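Here is the structure we will look at.
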Amino acid sequence: MSTSPSASSEGAQEEYVKVITGLGDQTFTDHSCEVVSDAGEGAQKCGQGFGSLSAKMGNGAWTVEIIPAEIEPPPRTPGSTSGVGIRIGQNKVTNAGDSVKLVIAFNEQVLLSRHRVNSLADDCIILIDSKWSVHKNPKVVAEWDAAMEEMSTKGYQWIMVPLEDETLKIVENPKRGKNMFALGVLCHIYDRDVEIAKDQIAMAFRKKPQAVTDANHQLLEAGIAWAAENLDFRFLVPATPPTSELVVMNGNEAFGMGALAAGIDVCAMYPITPASSLSHYLAEVYDNFGGVVHQAEDEIGAIGVALGASYAGKTAMTITSGPGLALKAEFIGLALMAEIPLVVINVQRGGPSTGLPTKVEQSDLLCVLYGQPGDGPKVVIAPSTIEECFHIMTTARQIAETLRTTVFILSDANLATGVTPFERPKLEASWMAGPPDQTPVDPDSRPYEWDLDTGLSKRFIPGQRGGEHTVTGLNHDENSTVNYEPQKNELAHAMRSRKIAVFGETLNAPIPHGGDEGDILIIGWGSTRGSIEEAVDRARAKGLKASSLHLTFLSPLQPGISAVCERFKKILAVEINYSDDPDAPHITKDNRRRGQLAMLLRGQLLIDCGSWGKVPGAPLQPELLLKVIESNIPKA
């Protein structure tokens with residue numbers, strides 16, 4: 001094993017083929033690794049396959065996709081990096097964890113990009129394709145040497161792997177095979193079930209000729225054989241046999257299956273990263289369930305179709321991300337004014353503008369709450385796990401229909417692309433939407449017959465005899481007649497607001513993780529839950545009185561938050577959106593921009609809530625959050 005390999009000669013390549021590490025077999029409760037390549041070389045298929053097969057073996061698992069921002073970036077550049085980070089554990093895994101301990105890299109440039117973002121542990125074991133150190137092109141060798149020099153500041157442990165040479169023994173195009181050879185190497189290192197791996201490959205290539213599957217099986221076996229002969233270590237993460245049947249999927253797939261289970265029949269969308277894979281999944285299966293995926297000409301058309309379908313009687317959904325959300329604002333206002341049920345899934349990414357299309361961020365909260373002209377109260381829910389992505393769809397549809405309102409679901413790229421196992425849902429007929437009500441309408445009823453106590457009103461469905469009325473985006477009275485009188489405008493606003501307040505009274509108070517009182521309470525939302533709670537557990541193991549509170553409903557806020565906060569000396573909102581460093585130049589307590597959840601809690605609940613927000617374009621690591629807790633805990 002070398003600490004910083006540099007190019008010199010053909011002999012240098014052979015020096016690293018047979019490796020003596022002295023590590024032997026080691027057993028871990030959890031372990032993290034990455035597979036990275038140029039875009040188009042299949043590292044994502046390798047990594048997601050490894051995560052899925054580990055989950056099917058009974059391990060806890062969580063994957064994070066590494067996706068280049070450009071569609072076809074130049075190869076052998078840091079910007080071309082594509083791949084997957086995988087964390088597997090003996091028990092349930094709730095987040096991507098800390099710096100990875102092992103990497104398989106298809107070239108040194110994609111590895112360099114991971115080094116620059118501090119993704120790799122200081123003693124990370126790196127298996128890298130050996131061809132670049134002895135390449136015939138002097139420019140490539142110079143790039144190799146420069147990258148190795150830059151990475152020599154860390155104590156990485158290097159293993160040269162003849163990835164391309166070994167792949168060429170089986171297929172003519174190494175770009176169509178290195179990933180499966182790499183999967184074989186991982187299967188040996190982590191003692192994975194080869195038959196499950198082969199099943200994964202067969203599923204991945206099920207639409208290809210059988211010869212393609214056979215070749216990839218050969219590549220898998222070749223990777224296993226090479227690792228068995230040339231590596232003297234294995235990392236064993238025992239699996240805990242599940243007590244119930246599990247399913248393995250990512251968050252976008254969970255949303256899609258949840259939509260089916262909820263009886264949502266129409267999904268109108270326009271392609272946008274990282275939401276598009278949800279519509280890809282539904283497009284494959286929706287027709288089998290009588291559903292329709294409509295790809296509109298643009299984001300405005302997509303929400304228009306969804307709103308029209310909902311108006312016709314069965315709640316529809318539209319899906320989007322950042323820039324698309326901005327384009328939907330006018331139709332969201334119409335949905336709220338006309339009180340037409342609608343479910344909107346917003347898979348957040350880095351912003352503003354087109355921002356970071358493939359990176360995780362939680363920067364759309366305030367936009368969703370307030371980002372349309374006028375005052376438009378709505379329901380906003382943020383799932384924190386992939387399992388919740390499934391179940392939240394039924395909840396969202398039922399709320400939308402009961403309240404006649406728009407329900408936003410705030411996901412993000414971490415949940416959308418991450419793969420993890422969870423208990424197979426036991427489907428219930430009560431989850432499904434019933435047929436549209438076509439019974440005649442009472443002649444004395446009005447389309448906005450608001451209950452003055454609750455703000456609720458019965459929805460009229462097109463086709464109901466006696467229910468004919470005009471729908472308008474203008475202010476209207478109970479008859480849906482345009483009305484500009486001050487008292488009618490005030491009443492309509494009050495009713496739209498009151499039904500959200502009434503719904504809030506039905507919610508349960510959030511339960512703190514850790515202790516019910518203490519020195520510091522970390523409040524989070526969305527996909528940060530696993531990292532925050534693991535950091536709190538580590539802090540408590542060190543004797544610190546730290547707890548966390550994770551919010552699922554962001555509008556209306558769940559009751560009891562203030563009461564929980566009163567039992568802690570310091571409150572700190574932690575989120576993946578920007579907040580000014582309080583010690584930065586020109587920043588004062590009066591002009592400081594705080595994180596979006598912190599602003600919401602301070603403004604609505606008048607809580608003295610501190611703010612810690614970062615925008616690294618990646619999930620937050622538990623070890624980083626432990627340091628945040630330690631540095632913010634009140635001094636005795």
For this session: Round to a whole angstrom and tell me the spacing of the C-alpha centers of segment 279-306 and segment 342-363.
Result: 20
Exercise. Residues with beta-carbon under 11 Å from that of Tyr270, excluding Tyr270: net charge, scoring Lys, Arg +1 and Asp, Glu -1?
Worked result: -2
Problem set entry | Average accessible area per residue (Å²) across segment 435-513 - probe 1.4 Å, nucleic acids and ligands excluded | 59
Exercise. Measuring from centroid to centroid over Cα atoms, what is the spacing of segment 184-222 and segment 76-94 in Å?
Worked result: 19
For this session: Kindly sort Glu221, Glu108, Glu229 by accessible area of their heavy atoms, largest first, with the probe set to 1.4 Å.
Result: Glu229, Glu221, Glu108
Seminar exercise, completed: For Leu163, Leu624, the accessible-area ranking with a 1.4 Å probe, largest leading, is Leu624, Leu163
Problem set entry | Simple Cβ-charge dipole of the chain, Lys/Arg +1 and Asp/Glu -1, about Cα centre, in debye nearest 20 | 540
Exercise. For segment 597-636, which trypsin sites (Lys or Arg not before Pro) are both in a DSSP coil and crowded by at most 13 other Cβ atoms within 10 Å?
Worked result: Lys635
Exercise. When the helix-only estimate is applied to the chain (DSSP H runs of n ≥ 4, each -39,500 (n - 2.57), divided by the residue count), what is the mean residue ellipticity at 222 nm, nearest 500 deg cm²/dmol?
Worked result: -11000 deg cm²/dmol
Problem set entry | Helix axis angle, 386-403 relative to the chain longest principal axis, alpha carbon, degrees | 10
Exercise. If the limit is 22 Å between Cα atoms, which of Lys570/Lys635; Lys178/Lys207; Lys131/Lys169; Lys154/Lys175; Lys154/Lys614; Lys359/Lys589 go over it?
Worked result: Lys154/Lys175; Lys154/Lys614; Lys359/Lys589
For this session: Give the dimensionless ratio obtained when the Cα radius of gyration of segment 12-236 is divided by 2.2 N^0.38 Å.
Result: 0.95
Problem set entry | Rounded if a/c under 1.5, otherwise prolate or oblate - segment 437-506, Cα gyration tensor axes | oblate
For this session: Express as a percent, rounded to the nearest 5, the fraction of DSSP beta bridges in the chain (both residues included) that run antiparallel.
Result: 35
For this session: Per residue, how big is the convex hull around the C-alpha atoms of the chain? Give it to me in cubic angstrom, could you?
Result: 173
Exercise. Using Cα atoms only, what is the angle between the long axis of helix 210-230 and the major principal axis of the chain, expressed in degrees (0 to 90) to the nearest 10?
Worked result: 50
Exercise. Taking all protein chains as present, what is the carbon and sulfur share of the accessible area of segment 518-632, in % to the nearest whole number, probe 1.4 Å?
Worked result: 50
Problem set entry | Proximal aspartates and glutamates to Lys378, defined as alpha-carbon separation beneath 19 angstrom and excluding residues fewer than eight positions away on the same chain | Glu330, Glu339, Asp364, Glu401, Asp451, Asp453, Glu490, Glu505
Exercise. Of the heavy-atom accessible surface of segment 437-506 (probe 1.4 angstrom), what whole percent is carbon and sulfur?
Worked result: 51
For this session: Starting from segment 408-478, pick out the GluC sites (Glu not before Pro) whose DSSP state is loop and whose Cβ has at most 14 other Cβ atoms within 10 Å.
Result: Glu428, Glu449, Glu468
Problem set entry | Compactness of segment 247-431, expressed as Rg and Dmax over alpha-carbon positions, Å | 14.8, 43
Exercise. What net charge do the residues around Trp144 carry, taking every other residue with its C-beta under 12 Å from that of Trp144, with Lys and Arg at +1 and Asp and Glu at -1?
Worked result: -3
Exercise. Averaged per residue, what accessible surface does segment 12-236 expose to a 1.4 Å probe, in Å²?
Worked result: 40
Exercise. Share of segment 258-415's accessible area from carbon and sulfur, percent, 1.4 Å?
Worked result: 58
Exercise. Within the P(r) computed for segment 397-496, what percentage of the Cα pairs occupies the region above 20 Å?
Worked result: 56
Exercise. Taking square-rooted eigenvalues a ≥ b ≥ c of the alpha carbon gyration tensor, is segment 329-413 rounded, prolate or oblate, where a/c under 1.5 means rounded and, failing that, a/b exceeding b/c means prolate?
Worked result: oblate
Exercise. Where the centroid of each part is defined by its Cα atoms, how far is segment 390-469 from segment 474-510 in Å?
Worked result: 17
Seminar exercise, completed: Relative to the chain, whose Cα atoms define the longest principal axis, helix 596-605 and its Cα axis are tilted in degrees, nearest 10, by 30
Exercise. In segment 151-195, which GluC sites (Glu not before Pro) are in a loop and have at most 14 other Cβ atoms within 10 Å, using DSSP for the loop call?
Worked result: Glu172
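The values are calculated or read from the model by the stated rules, or taken from the named source; none is laboratory data. If you're wondering where the values come from, they're calculated on a predicted model, not measured in any experiment. Glycine also receives a Cβ, built like all others from the backbone with ideal geometry; neighbour counts cover every protein chain displayed. The area values use the complete protein model at the heavy-atom level, side chains included, leaving out ligands, DNA and RNA. Shrake-Rupley method; radii C 1.70, N 1.55, O 1.52, S 1.80 Å.
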